[in-house]
Amino acid sequence: MRRPGRRPAVRAALQAAAIATFETPGGAAASAAAIRFVRAPGWMPQGRRAYAIGDIHGCREALAALHRLIADDLSARPARSAVLVHLGDYINQGPDSAGVVRTLAAGDPVANLPTVNLLGDHERMLLDALDGDRAAATDWLWAGGKAALASWGLDPDLPRQDWPAALPADHVAWLRRLSLTHREGDYLFVHAGIRPGVRLADQARDDLLTIRQPFLSTEQDLGVVVVHGHASGPSVSITPNRIGLDTGAGLGGKLTCAVLEDDRIGLLAA
């Protein structure tokens, strides 16, 4: 546990010398047969398995490939019960935002595997823009919204006030139904993270969707192990209190899925 009041330079030096508590499962597997499991920072209920996919950002082909890997894993290693959780940010950056939303709005993408779809900050920006928030519209366009509009076959320069009528109504309805959090065993699934020191019931929506610090750097026991996206990096981050799964899909990185069961974690990637 950090002592309060340590100077940043001293803290950074100690962190650089620290030995990681949890091992990352090497490279993420490109096939179900190649999954390598290591000890996880939390426990799933007995017989329960969770597949959690990080930020998708318009990478429909990678998402379809990952869904096939999950189906292969379920076929090879049947679970008593399982769930698939998408951690949000389905749109922007990548080439096919519309295709990702179309796929997920159509229902569970893996047969016999119930799916939970969480809200990300990119979806929140679009929904706020559709509700008339001009600043949100500007932010969304800056974050890749023009490419997203084009993926729906719309003019990237379409005026904001025309978006509600132009976007598919069933896609917008699906976006409005997205959940903020999901709980399984020791794990809380959320797009960005939680604010340390605040009860789960009192977490602000904005923090759940956009927080980075102090969440990413805290060593505090959060009461749950947070499985999140939002903060992209070249590899999965596993610490005693969180698992970060945004590995840069849409920005040249892979799309990654954590496989959580008992007290272990494995990774799939496409």
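The values are calculated or read from the model by the stated rules, or taken from the named source; none is laboratory data. It should be emphasised that the depicted structure is a prediction, and the values quoted were computed from it without experimental measurement. Here the Cβ is made from the backbone with ideal geometry for all residues, glycine too, and neighbour counts use every protein chain on show. Accessible surface areas use protein heavy atoms only, side chains included; no ligands, DNA or RNA. Shrake-Rupley method; radii C 1.70, N 1.55, O 1.52, S 1.80 Å.
Being of a type in the set (A, V, I, L, M, F, W, C), within 21 Å of the chain's Cα centre (by Cα) and in a helix (DSSP H, G or I) holds for only one residue in Ala135, Ala147, and it is Ala147.
Please verify whether Asp221 is charged (D, E, K, R) and part of a loop (DSSP other than H, G, I, E, B), treating the condition exactly as stated.
It is true that Asp221 is charged (D, E, K, R) and part of a loop (DSSP other than H, G, I, E, B).
Within the stretch 185-206, the residues that satisfy the criterion of being in contact with a strand residue (DSSP E or B) (Cβ under 8 Å, 6 or more places away or on another chain) and either open to solvent by 60 Å² or more (accessible area, probe 1.4 Å) or under 16 Å from Gly244 (Cα atoms) (or both) are Asp186, Tyr187, Leu188, Phe189, Val190, His191, Ala192, Gly193, Ile194, Leu200.
Note on the stretch 80-117: residues that are out of contact with any helix residue (DSSP H, G or I) (no Cβ under 9 Å at 6 or more places or on another chain) and surrounded by 16 or more Cβ atoms within 10 Å (Cβ to Cβ) total 4. Taking the criterion of being modelled with pLDDT under 95, under 12 Å from Ala269 (Cα atoms) and not in a loop (DSSP other than H, G, I, E, B), the residues of the stretch 14-64 that qualify are Ala29, Ala32, Ala34.
Taking the criterion of being closer than 12 Å to Cys59 by Cα and not in a helix (DSSP H, G or I), the residues of the stretch 81-103 that qualify are Asp89, Tyr90, Ile91, Asn92, Gln93, Gly94, Pro95, Asp96. Against the condition over 22 Å from the mean Cα position of the chain (by Cα), open to solvent by 40 Å² or more (accessible area, probe 1.4 Å) and of a type outside the set (A, V, I, L, M), how does Asp155 come out, does it pass? The answer is yes for Asp155.
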